[in-house]
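Heads up, the thing below is written out as structure tokens.
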Amino acid sequence: FATGHRHYTGEDSAQVTFTAPATYDRLADVGNTFFDTVATGTGSGATRTWTFLPSNTADLLKGFTYELGGTNFPSAYTLTGCVGQQLDIGIKPNMPWELKQTHQGMVTDAATLTASLSLPSSLGTDDVLWTQTKVYIDSTSAYGTTQMVGRIVSADISLVNGLDPRFTLDGVATPYRVALSKERDVSATIVAEYDSQTQYTAWAAGTAQRV
């Protein structure tokens, strides 16, 4: 007896991961992708404040179409229904912030790149610098009250959005949607130098700190 061999298309989804220095232009896009939808910052001109407040009760993540490739090899592709799956931020001494992003797309299609798109002229020049970063640690309900001056050496922050492509019995090979199937996981490792027992006492007592 010979078993029959059949072929099926499988899960037609894709991920793209890239690492790049953080610039102020790029941070606004990252905030809209991973935290909250904020169309414009407050202020005018180059002086703007972007406030991203994630919600535990509403889905505020921004979906988009991701274009990659070129006119020759490799061919141009689009990731439609793309969402931010994981974000890692590295803040190291004497270096600009480093962003590592993983995006989950629902389907890849050979396509022609959008000719009208152009990168901001300052995208590769205005780096977010380690020395220009401020860290606040508070034990109250307020954020940004107590600045840690001359204490924070470095920081690594990781956000995993818990997103998965959902395939259903609907007659097509592509995912029906990308769903938030797990709790979002946020972790941070901060290297600090202290001249008092304040933060150690809070840690030993299990007191929640807001960073």
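A short reminder: the numbers here are calculations on the coordinates, not readings from a lab. All figures in this text were calculated on a predicted structure; none of them were measured in a lab. Here the Cβ positions follow ideal geometry from the backbone for every residue, glycine too, while neighbour counts run over all protein chains shown.
Give the calculated FRET efficiency between ASN94 and LEU169 to the nearest 0.05, with a Förster radius of 45 Å applied to their Cβ-Cβ distance.
Working: r = 54 Å, r/R0 = 1.21.
Between ASN94 and LEU169 the formula returns 0.25.
To the nearest 0.05, what FRET efficiency results for THR207 and SER55 with a Förster distance of 30 Å applied to their C-beta separation? Before the final figure, lay out each step's value.
Values: r = 25 Å, r/R0 = 0.84.
The value I calculate is 0.75.
Based on the mean of other beta carbon atoms within 10 Å per residue, what is the order of 148-155, 199-206, most packed first?
Working: 148-155: 14.4, 199-206: 10.5.
Ranked by mean Cβ neighbours within 10 Å, highest first: 148-155, 199-206.
Can you compute 3J(HN,Hα) from phi for each residue in region 145-157, using the Karplus curve 6.51 cos²θ - 1.76 cosθ + 1.60 with θ = phi - 60°, rounded to whole Hz and x for Gly and Pro?
9, 10, 7, 8, 8, x, 10, 8, 9, 7, 7, 10, 10
Rank by packing, highest mean first: peptides 129-140, 78-89, 18-29, with packing defined as the count of other Cβ atoms within 10 Å averaged across residues.
Working: 129-140: 13.2, 78-89: 19.9, 18-29: 15.7.
Order by mean packing, descending: 78-89, 18-29, 129-140.
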